[in-house]
Each structure stands twice: as structure tokens, then as C-alpha cells.
1. Hey, could you check the stretch 75-89 for residues that are modelled with pLDDT of 85 or more and within 31 Å of the chain's Cα centre (by Cα) and say which is nearest to MET48 (Cα to Cα)?
2. Looking only at the stretch 84-101, count every residue that is in contact (Cβ under 8 Å) with a residue 24 or more places away in the chain, more than 14 Å from HIS67 (Cβ to Cβ) and part of a strand (DSSP E or B) and tell me the total.
3. When ILE122 is evaluated against the numbered criteria (1) part of a loop (DSSP other than H, G, I, E, B); (2) surrounded by fewer than 16 Cβ atoms within 10 Å (Cβ to Cβ), which criterion, by number, is the only one it fails?
4. With more than 20 Å from LEU25 (Cβ to Cβ) and either in contact with a helix residue (DSSP H, G or I) (Cβ under 6 Å, 6 or more places away or on another chain) or hydrophobic (A, V, I, L, M, F, W, C) (or both) as the only criterion, which of ALA87, ALA50 stands out?
5. Of everything in the stretch 1-48 that's among the β-branched types (Val, Ile, Thr) and modelled with pLDDT under 90, which residue is nearest to ILE122 (Cα to Cα)?
Amino acid sequence: MYLSQPDPQRRLATDPEAAVDWLRLLPTEWREAVDRPLYFRRYREYEMLAERTIGYDEDARPCFITHQFTLTRLTSDDDEEFYETVALAEEMTAWRLHDGRWLVLRNTQPDPGSKNGDFYAIHPDAPR
């Protein structure tokens, strides 16, 4: 008999190491309208600053998604010394509503020193 090894990326929502505060950005008036995740899977990009976490319900369907990424570029003031600056950054969090639509919160930083601000929107499909 073979025992399957636990998936190291799968964390139960009750596991303190999961540390996904999936309700933090959800407005209070929407809390009863979303499906609650049972467990989470985290994915990290090794070539750039990017991370994605997906929460799954009891039917193993995604019901919570969050991602953050930052793209950088080399910049120079004098063409001799270069340093990294943010070229584009985005944070996105989404919750599946009971009716199957998604409440999506998105915040982008299109260039250094500017920020578009947070905005919520309802989408018919899960964000990618």
C-alpha cells in the first residue's frame, strides 16, 4: 500500500502557516455573499517578484484568488550607475460570489510614483 505525500503547496485554511487573510480586503457588506475557501495553494515565480494564491472550496473549485507582481527596469541618471525602479506593479484579489460571479479588487501602479488606486468590479468569470 502506498501513501500519498501531502502537497507542499496545499494549506488548509485553518493552518496557521497558510496565513492567508482572505477577508482582509473584502467589504463587510459582501462577506455573506462569498464562498468560503477550505484550503489554499500558493505559487511563487522564481524569475520575478510575483506570487499567486488560490483558495478552493469543498468541491475543489477556486473561490478566492489573489496575486501580486512587480516588473522592474534598470534606470540611470548619468548613464554610468544603474538602479532598479518599478516599471509596473499590480495587486488583485477576487472572491467568488454565491451566484458564480466574481467580486474583483484591482490596484495598479503604472509607473514610479503613481498609483491608480483600488477599484472593485463584478466579473462573470474568474480573473486570470
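1. ALA89
2. 5
3. Here ILE122 meets the rest and fails (1).
4. On the way: ALA50 fails: more than 20 Å from LEU25 (Cβ to Cβ).
Testing whether each residue is more than 20 Å from LEU25 (Cβ to Cβ) and either in contact with a helix residue (DSSP H, G or I) (Cβ under 6 Å, 6 or more places away or on another chain) or hydrophobic (A, V, I, L, M, F, W, C) (or both) leaves just ALA87.
5. If we filter the stretch 1-48 for residues that are among the β-branched types (Val, Ile, Thr), which is where we start, we get 14, 20, 28, 34.
The next check asks that each one be modelled with pLDDT under 90; those that pass are 14, 20.
On the way: THR14: 28, VAL20: 22 Å.
Residue satisfying both the conditions and the ranking: VAL20.
The values are calculated or read from the model by the stated rules, or taken from the named source; none is laboratory data. The model shown is predicted, which means the values in this text are computed figures rather than measured ones. Cβ atoms come from the backbone with ideal geometry, glycine included; neighbour counts cover every protein chain shown.
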